[in-house]
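Since every read-out is calculated from the coordinates, none of them should be taken as a lab result. Here the structure is a predicted model, which means the values were calculated and not measured. Quick reminder, even Gly has a Cβ in these numbers, built from the backbone with ideal geometry, and neighbours come from all protein chains shown.
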Amino acid sequence: MRKTSALTVGLATLALAGCTSLFGGRANKLDEFAVARNAPLVIPPDYTLTPPAPGTASLSASDAQQQAIQALFGGPAPRSAGEVSLLEKAGADRAALGIRSQAGDAATQIVDKGATTQAIIAAPQGDSAVASVQTP
């Protein structure tokens, strides 16, 4: 009996909730189209591109890339007097172009490591907890 009465109450509630005309329905809701008037539709102008004429200069990929970099980063920033002085003392004008590529090369010896350090680096990997190296 309790289950049927609970089911009857649930169905009645569902029926009343679905019937919005009993509780005012759409009369209480705001209508966004009634507030503002719709703008008239306008046909946009024709933006068709014309093909390039023969013999005219075209924009190459490198030019486009340079323009994008210039637009994003704005070119080189001015340096302060202290920064210019530091760069001059460090020898920035004598740095080789592409040095970062050469520094990553395995055959490039950037710092004189000495015979002992080179022997340790070149030593074979040991299998014990205690390691020893013989240097000349």
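Structure above, values below:
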{"item": "Local electrostatic count at residue 89 - Lys and Arg +1, Asp and Glu -1, tallied over other residues with Cβ under 15 Å", "result": "-1"}
{"item": "Stretch gain in nm, segment residue 123-residue 35, where the contour uses 0.36 nm per residue and the Cα spacing is subtracted", "result": "23.3 nm"}
{"item": "Using a Förster distance of 35 Å, the FRET efficiency for residue 65-residue 85 (Cβ separation, nearest 0.05)", "result": "0.60"}
